[in-house]
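The values are calculated or read from the model by the stated rules, or taken from the named source; none is laboratory data. These numbers come from a predicted model, not from an experiment. Glycine also receives a Cβ, built like all others from the backbone with ideal geometry; neighbour counts cover every protein chain displayed. Only protein heavy atoms, including side chains, enter the accessible area calculation; ligands, DNA and RNA are left aside. Shrake-Rupley method; radii C 1.70, N 1.55, O 1.52, S 1.80 Å.
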Amino acid sequence: MKSLPLIGPSLVGYVITAAIRDKLIIGICVLLAAAVSLSVFLGSAAITEQDQFVAVFSAGSVRILNIVGLVLFIVFFIRRSFETRDIEFMLSRPVGRTQLVLSYAAGFSLIATLMGVISGLCIMALSPHLVSGGHALWILSLVVENVIMVNVALFFSMILTSAASCTFATFGFYVLARMMSQILGIIDSGKNAVDLKILEMIMQAISSVMPRLDLLTQTSWLVYGPDENIGPAFILMQGIIYSSLILLAALIDMRRRQF
Amino acid sequence: MLRVSQHNAALASLFVLFTLSIALNIALWSSVRSIQTRWSNVPPTPGLSGALWSSLGDPQLAYRGYGLMIQNMGDTGGRIINLGEYDYNALGRWFRLQHQLDPHSSFTPFVAGYFFGGLRSRPEKIAAIVDYLELAAGDGSGEKWRFMSHAVFLARYRMNDMNRALELAQKLAAYDNPDMAVWARQMPIFILTAQGERQAAYEMMVNLLKTEGANLHPNEVNATLAYICEQILSPEEAALDPLCKDYK
């Protein structure tokens, strides 16, 4: 029997078609335009270093909009697919569970990459005279952050039954991943009460299976150039390793699910 | 027919109630129209970790966001607050937080020195600005030394604290920055002259000419000679001084 490919092009196309039908890309682009305009307005109010303010505010808002837009689309798309039994219909066709999950992940990752690149080009177009290697690193890390988060959203929407709880779980994960360095810093400072040792151990364990999103998309790269400690290799490794981890978890859940 | 008239009556009652609720809302709005938010002065400063929470762990975003907030603090919502009403100690804490978030940017030192430093006749408040500018100048690299020179200016002319001005001027003169202006290196001499320490000022200025005279622009050499012969020395002393013999 011929084995099925891991990623089905038709399924990937189905995901992208759904995104276009739901006007995801246009919607996010409109929001990006609004956020960038607001950032230009706020940044121009600074009495000095206006270009730096505009770049930082735009980058910060663009990053959040990417995550919010992508996560909401994925969560509601997957939950709708379960509720309308689209998933079961597809599994009744010659589509394996692994192929389904990986194809969806590939489709979402493609959309995430596209949004990351569009957002990065917006930031570069705002202040072309400030463009440096830091911008390229920032765009790469935005793409990787988007890809990680779309796969996390896919995972949560597979295992949780309510769209609202999936959304909250994904956003909570994002906030925790971005703030993990602060929590680890508090733990490492050693200024903690004795009875919090167990909590420290729990947080260390949780952080070991979380991505270090605080090291990605640093707006300081847009102002001062790339960080010597964080390079493209780390960013790509973080994306590949964590996406693999979360997709494997989703695959395990999908394999064990009874339809 | 009866059903239609009942429907119309119900719809009419709904419209009446709706109009009444709008009128009530307008009345409530009118009763509190004059109540505005009050300026409660400079807010408490969060810690570094707390500050980073607001920007999801991005120090640069937190710096710029807080920077714009500090710049516009007290002047939003149609208000304009006199600089003298600000809590400068609290402002100093905000400036130090900004320094932790980004020690390289010149935005916060600029706002601190040239905006909040514009306060006159309140030397006790200016001290917080001077302390921050001393911190922000760092090692004086790049253009940062200019913030130290502004701190000297504030200490001398706003705080009227010559000892503090001299301490800062000596730090300024000691910066290892070849691009720093000559007058910045001469700052301790200016302070000493103002304090009446003319002998010390004379010796420092002559030493400066001996060690760096070859690297100075002729105009700077002339300006330095002019300062020695016209500011430090009296006319009688200048007439006897060999440096001032050829100076006109």
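List the relative contact order of chain A as a percent without decimals, with contacts defined as Cα pairs under 8 Å and 6+ residues apart.
RCO, chain A: 26 percent.
For the Cα atoms of chain B, what angle does the longest principal axis make with the long axis of helix B:162-173, in degrees from 0 to 90, nearest 10?
Roughly 80 degrees between the two axes.
Compute the label zone of B:ASN177 within region B:187-203: residues whose backbone N is under 14 Å from the point 7 Å along Cα-to-Cβ.
Inside the label zone: B:187.
Restricting to DSSP H runs of at least four residues, report the calculated mean residue ellipticity at 222 nm for chain B, -39500 (n - 2.57) per run over all residues, nearest 500 deg cm²/dmol.
One gets -18500 deg cm²/dmol as the mean residue ellipticity at 222 nm.
Where the centroid of each part is defined by its Cα atoms, how far is region B:171-243 from region A:5-63 in Å?
58 Å
Counting partner chain Cβ atoms within 10 Å of every residue's Cβ in B:49-55, what's the average?
For peptide B:49-55, the averaged partner shielding equals 3.
Sort A:ILE64, A:ILE111 by accessible area with a 1.4 Å probe, largest first.
Order by accessible area, largest first: A:ILE64, A:ILE111.
Am I reading the A/B interface right? What is its buried accessible area, both sides, 1.4 Å probe, to the nearest 100 Å²?
The contact between B and A buries close to 2000 Å².
Per residue of A:48-54, how many C-beta atoms from partner chains lie within 10 Å of its own C-beta, taken as a mean?
Counting Cβ atoms of other protein chains within 10 Å of each residue's Cβ and averaging gives 5.
Under Stokes-Einstein, with the Kirkwood radius over Cα pairs standing in for Rh, what whole-number D in µm²/s applies to region A:115-259 at 4 °C and 1.567 mPa s?
In µm²/s, the coefficient rounds to 76.
Loop only per DSSP, at most 15 neighbouring Cβ atoms within 10 Å: give me the trypsin sites (Lys or Arg not before Pro) in region A:34-89, ordered by residue number.
Sparse-neighbourhood loop trypsin sites (Lys or Arg not before Pro): A:ARG85.
Counting residues in region B:124-183 as N, plug N into 2.2 N^0.38 Å and put the Cα Rg over that result.
Normalised by 2.2 N^0.38 Å, the Cα Rg of region B:124-183 equals 1.03.
For q = 0.11, 0.15, 0.20 Å⁻¹, what log10 I(q)/I(0) does region B:1-110 give under the Debye formula with an equal point scatterer on each alpha carbon and no solvent?
After summing over all Cα pairs, the log10 values are -0.57, -0.76, -1.05.
For region A:134-189, just list the percent of Cα-Cα distances falling in each 5 Å bin from zero outward, please.
P(r) over region A:134-189, rounded to whole percents: 4, 18, 18, 18, 17, 14, 8, 2, 0.
Residues in region A:53-97, backbone N under 17 Å from the label point at A:TYR14 (7 Å along the Cα-to-beta-carbon vector): list them, ranges by number please.
Backbone N within reach: A:74-97.
What FRET efficiency do you get for A:ALA164 and B:PHE15 if R0 is 60 Å and r is their Cβ-Cβ distance, rounded to the nearest 0.05?
Plugging the Cβ-Cβ distance into 1/(1 + (r/R0)^6) gives 0.95.
Distance in nm between label sites at A:ILE206 and B:ASN72, each 7 Å beyond Cα in the beta-carbon direction?
A separation of 3.4 nm, rounded to one decimal place.
At 25 °C and 0.890 mPa s, grab the translational diffusion coefficient of chain B from Stokes-Einstein with a Kirkwood Rh over Cα pairs, rounded to a whole number in µm² per second.
Answer from the Stokes-Einstein relation: 108 µm²/s.
Calculate log10 I(q)/I(0) of the protein assembly as shown for q = 0.06, 0.09 Å⁻¹, where I(q) comes from the Debye formula with a single equal point scatterer on each Cα and nothing for solvent.
For the protein assembly as shown, the Cα-only Debye profile gives -0.47, -0.85.
What FRET efficiency would be calculated for the residue pair A:LEU38, B:LEU83, taking the C-beta separation as r and a Förster radius of 25 Å, to the nearest 0.05?
0.30
Let me confirm one metric for peptide B:59-69, namely the mean number of other chain beta-carbon atoms within 10 Å of its residues' beta-carbons.
6
Running Debye on region A:1-78 with equal point scatterers at the Cα sites and no solvent, what base-10 log of I(q)/I(0) appears at q = 0.21, 0.26, 0.27 Å⁻¹?
Debye intensities relative to I(0), on a log10 scale: -0.91, -1.11, -1.16.
What list of ³J(HN,Hα) values in whole Hz, one per residue of region B:119-132 in order, does the Karplus curve 6.51 cos²θ - 1.76 cosθ + 1.60 (θ = phi - 60°) give from phi, with Gly and Pro shown as x?
5, 10, 6, 9, x, 5, 7, 5, 4, 5, 5, 4, 4, 5
How much solvent-accessible surface does B:ASP176 expose, in Å² to the nearest 10, with a 1.4 Å probe and all protein chains in place?
140 Å²
Pick from B:LEU48, B:LEU225, B:LEU216: which is most flexible by mean-square fluctuation in a GNM of chain B where alpha carbon atoms under 10 Å apart are linked?
Fluctuation is largest for B:LEU216.
From the gyration tensor of the Cα coordinates in chain A, what semi-axes in whole Å does the equivalent ellipsoid have, largest first, with each one equal to sqrt(5λ)?
Ellipsoid semi-axes (Å, largest first): 33, 25, 16.
Determine how large the accessible area of A:PHE76 is when every protein chain is in place; take a 1.4 Å probe and give Å² rounded to the nearest 10.
The accessible area comes out at roughly 100 Å².
For chain B, take the longest principal axis of its alpha carbons; what is the angle in degrees between that and the long axis of helix B:2-31, to the nearest 10 within 0 to 90?
That helix lies at roughly 30 degrees to the long axis.
Just reorder B:VAL32, B:VAL111 by solvent-accessible area, largest first, 1.4 Å probe, all chains present.
The residues order as B:VAL32, B:VAL111, largest area first.
Which residue, B:LEU208, B:LEU20, B:LEU61, tops the fluctuation ranking in a GNM of chain B built on C-alpha contacts under 10 Å?
Answer for the Gaussian network model of chain B: B:LEU20.
Keeping all protein chains in position, work out how much accessible area B:ARG156 exposes to a 1.4 Å probe, and write it in Å² to the nearest 10.
Roughly 60 Å² of B:ARG156 is accessible to a 1.4 Å probe.
Rounded to whole Å and sorted largest first, what semi-axes of the equivalent ellipsoid does the C-alpha gyration tensor of region B:109-223 yield via the square root of 5 times each eigenvalue?
Taking √(5λ) for each Cα gyration eigenvalue gives 25, 17, 10 Å.
Enter the angle in degrees (range 0 to 90, nearest 10) between the Cα long axis of helix A:197-208 and the first principal axis of the Cα atoms of chain A, meaning the one along which they spread out most.
So the inclination is approximately 80 degrees.
Which Cys residues of the protein assembly as shown have no other Cys Cβ less than 4.7 Å away and so no disulfide-compatible partner by this rule?
When partners are defined as cysteine Cβ atoms under 4.7 Å apart, the protein assembly as shown leaves A:CYS29, A:CYS122, A:CYS166 without one.
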